[in-house]
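> Let me give you the structure first, and then I'll get to my questions.
The values are calculated or read from the model by the stated rules, or taken from the named source; none is laboratory data. Nothing here was measured: the structure is a model prediction, and the numbers come from that model. Cβ: placed from backbone, ideal geometry, glycine included. Neighbour counts: every protein chain shown.
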Amino acid sequence: MGGSLSFRPRAAFRRGEDAVGGQLAPIFPGVTDVEAIIRRVRGICNLVWLENLNLRGDYKAHILAWIHKRHPELDAIYDAIYRRGDRTYWSELDARLRKFTATEGLPYLRAEDNRMADFGEPPIVVNYFYHEQVKKSARGDLPFR
């Protein structure tokens, strides 16, 4: 991971008791340290929204080329996910984050965007790795709630 993130402006909102949602998107497999980022923003955000990297259209080839150049050790993972449609990485990350959030005392939901934690409470962490399924289920009858 590169770069440093500043959370000062959001912290100012938090002190003012304005609801703050943090969107962690896109999550790059093998690159994004999701747990470290959640730990960093847990005292600032009421909601931490997690979204996986989706590759389609013209930019798919560009992103895969960038990954190959910068992180060739991840080629197999990206090939499995983005060329063969294998969802194992996201399922395993979901299980890992479910365990992590339980250990950290954070509520963990899948594909729900209508709730935020109350002020002073730990943020709600929402996994939105399955939005392809969410889009197909406009009635809200998601099989994985």
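> Taking segment 73-87, which residues are surrounded by 11 or more Cβ atoms within 10 Å (Cβ to Cβ), in a helix (DSSP H, G or I) and free of Cβ contacts under 8 Å to residues at least 40 places away in the same chain? Walk me through it before giving the result.
Narrowing segment 73-87 to residues surrounded by 11 or more Cβ atoms within 10 Å (Cβ to Cβ): 74-75, 77-83, 86-87.
Filter once more, so that each one left must be in a helix (DSSP H, G or I): 74-75, 77-82.
Passing the criteria: 75, 79, 80, 82.
> Evaluate the following for residue 114: is it modelled with pLDDT of 85 or more and part of a loop (DSSP other than H, G, I, E, B)? First the steps, then the outcome.
On the way: modelled with pLDDT of 85 or more: no; part of a loop (DSSP other than H, G, I, E, B): yes.
Spelling it out, it is not the case that residue 114 is modelled with pLDDT of 85 or more and part of a loop (DSSP other than H, G, I, E, B).
> Pull up segment 41-72, narrow it to residues that are assigned to a strand (DSSP E or B) and of a type in the set (A, V, I, L, M), then point me to the one that is nearest to the chain's Cα centre (by Cα). Before you say what the answer is, go through the steps one by one.
Applying the first criterion (assigned to a strand (DSSP E or B)) to segment 41-72 yields 47-52.
Going one step further and asking which of them are of a type in the set (A, V, I, L, M), we end up with 47-48, 50.
On the way: 47: 11, 48: 8, 50: 2 Å.
Per the criteria, the residue is 50.
> Mind telling me which of the residues 119, 100, 129 ends up being of a type outside the set (Val, Ile, Thr), touching an Asp or Glu at 6+ places or on another chain (Cβ under 7 Å), modelled with pLDDT under 95 and surrounded by 14 or more Cβ atoms within 10 Å (Cβ to Cβ)?
Numbers: 119 fails: surrounded by 14 or more Cβ atoms within 10 Å (Cβ to Cβ); 100 fails: modelled with pLDDT under 95.
None of the others qualify; the one that does is 129.
> Another one. For residue 59, all conditions in the list (1) modelled with pLDDT under 95; (2) surrounded by 12 or more Cβ atoms within 10 Å (Cβ to Cβ); (3) more than 27 Å from residue 125 (Cα to Cα) hold save one; what is the number of the exception?
Status for residue 59: all satisfied but (2).
> Can you say whether residue 15 is of a type in the set (Lys, Arg), modelled with pLDDT under 90 and under 19 Å from residue 127 (Cβ atoms), as far as the supplied structure shows?
Numbers: of a type in the set (Lys, Arg): yes; modelled with pLDDT under 90: yes; under 19 Å from residue 127 (Cβ atoms): no.
No, not satisfied.
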